[in-house]
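Below is one structure, written out as structure tokens, with a few remarks after it.
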Amino acid sequence: MLIVGCGDVGRKIAVRALASGTPVQCLVRSQESADALGRLGLSAKSIDLDTDTGFPAPDTAHDHSRIFYL
């Protein structure tokens, strides 16, 4: 599962998915948010979609059959 914009709602989805055994990768705007998600056991990368020119390639070890853009 890939969650783009993993704020409050995305975090709740991610934590539940992870608890059920679903691998989750999160994209967030700030490194602080990525660090906070990491402390919850989630894989997170920081990127500002408004200013960054390159979109990071998703981790191919994860199943991205479900993508949430929040």
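The values are calculated or read from the model by the stated rules, or taken from the named source; none is laboratory data. The structure presented is a predicted model; accordingly, all values stated were derived computationally and were not measured. Neighbour counts are summed over all protein chains in view; Cβ atoms, including those assigned to glycine, are modelled from backbone coordinates with ideal geometry.
For the reader, a short list of remarks on this structure follows.
- Within the range 24-49, tally of residues that are buried (at least 17 other Cβ atoms within 10 Å of the Cβ) and under 13 Å from Ile13 (Cα atoms): 5
- Pro23 meets each of the listed conditions (1) at pLDDT below 95; (2) touching a strand residue (DSSP E or B) at 6+ places or on another chain (Cβ under 7 Å) apart from (2).
- Members of the range 1-16 found to be surrounded by fewer than 20 Cβ atoms within 10 Å (Cβ to Cβ) and free of Cβ contacts under 8 Å to residues at least 40 places away in the same chain, listed by number: Asp8, Lys12, Val15, Arg16
- Failed item in (1) aliphatic (A, V, I, L, M); (2) more than 11 Å from the chain's Cα centre (by Cα); (3) at pLDDT below 90, with Val9 passing the rest: (3)
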